[in-house]
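Asker: This is the structure, below, for whatever I ask next.
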Amino acid sequence: MAGTQSRHPRKAGKREAILAAARGIVSEVGFHETSIAAVAAASGVSTGSVYSYFASKAELMAEIVAAVSSRELSVLREIAASDAPVAERLTAAVEAFARRAFANRRLAWSMIAEPADPAVDATRLDYRREIAGIFRALVVEGEGQGAFRAVDPDAAAAMIVGGFMEALIGPLSPDRPITSERDREIAAALADLSLAALISREGQAA
């Protein structure tokens, strides 16, 4: 696929323009209300042209999830690979995820919670697994250093990721606008709670 697109830069550019237009519309109205006609108009092509790149609306929406996921995963991986202490990296990753979600709340809500086609759900599940993998590695590293107590790393990563994503659904909901100050408070609280799950009650790794 990548090789084919590199040999046809104009075609690849049009595909990216359609994706960008669709992502912008989803950021405003979500998956369900996004139409192929609106995407075509926003990207300056015909509806037939959109379908020549994406077989269905579901495929286009899944591509948006994949593209946004790739960007967010890059941010988390960069944080996880930094030289900061492992506990700081873990909390920074959770807080960054939440703050970035609040920065584009409608898109983030769609990415996390909006009912969608099975193809979109499958891509979202892959995204969660990738995020869990990043946190699993941090849990294993922290336990190895004595910074975290002994836990099942798979269960811990699933709990952390599932926990902060579930906790964001309400605050991100389109019908529940909240202040930027509250956004920051929630992001910080989620980071603190995620770390607390890995620290003993005495505040020391056990």
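Just so you know, all these numbers are worked out from the coordinates, no wet-lab data involved. Being a predicted model, the structure only gives us computed values, none of them experimental. Every residue, glycine among them, receives a Cβ derived from its backbone with ideal geometry; neighbour counts consider all protein chains shown.
Asker: About the Cα centre, and with charges only on the beta carbon of Lys, Arg (+1) and Asp, Glu (-1), how big is the dipole of the chain? Nearest 20 debye, please. Before the final figure, lay out the partial values.
Answerer: Working: 23 positive and 26 negative charges, 164 e Å.
That gives the chain a dipole magnitude of about 780 debye.
Asker: Take the chain, connect every pair of alpha-carbon atoms lying under 10 Å apart with a spring to form a Gaussian network, then pick out the residue of L90, L76, L125 with the largest mean-square fluctuation.
Answerer: L125
Asker: Sticking with this one: Can you give me the convex hull volume of the Cα atoms of the range 112-200, divided per residue and expressed in Å³? All intermediate terms of the calculation are to be shown ahead of the outcome.
Answerer: On the way: hull volume 8.4 nm³, N = 89.
Dividing the Cα hull volume of the range 112-200 by its residue count gives 94 Å³.
Asker: Provide the descending list of Cα extents for the chain along its principal axes, expressed in whole angstroms.
Answerer: 63, 41, 27
Asker: In addition: Only Cα pairs within less than 10 Å get springs; with that Gaussian network setup on the chain, which residue of A96, A122, A80 has the largest fluctuation?
Answerer: A122
Asker: Rounded to the nearest Å, what's the spacing between the alpha carbon centres of the range 104-183 and the range 62-97? Just the number, please.
Answerer: Using only Cα atoms, the two centres lie 11 Å from each other.
Asker: Hey, for a label at D154 modelled as a point 7 Å past Cα toward Cβ, could you say which residues of the range 101-140 have their backbone N under 20 Å away?
Answerer: Only 125-140 pass the distance filter.
Asker: Could you line up R71, R99, R23 from fewest to most neighbouring Cβ atoms inside 10 Å?
Answerer: R71, R99, R23
Asker: Using alpha carbons only, how many degrees (0 to 90, rounded to 10) separate the axis of helix 118-145 from the longest principal axis of the chain?
Answerer: With rounding to tens, the tilt is 30 degrees.
Asker: Let me ask you something else. Restricting to Cα pairs below 8 Å that are 6+ residues apart, what does the relative contact order work out to for the chain? Please round to a whole percent.
Answerer: Once divided by the residue count of the chain, the mean separation gives 22 percent.
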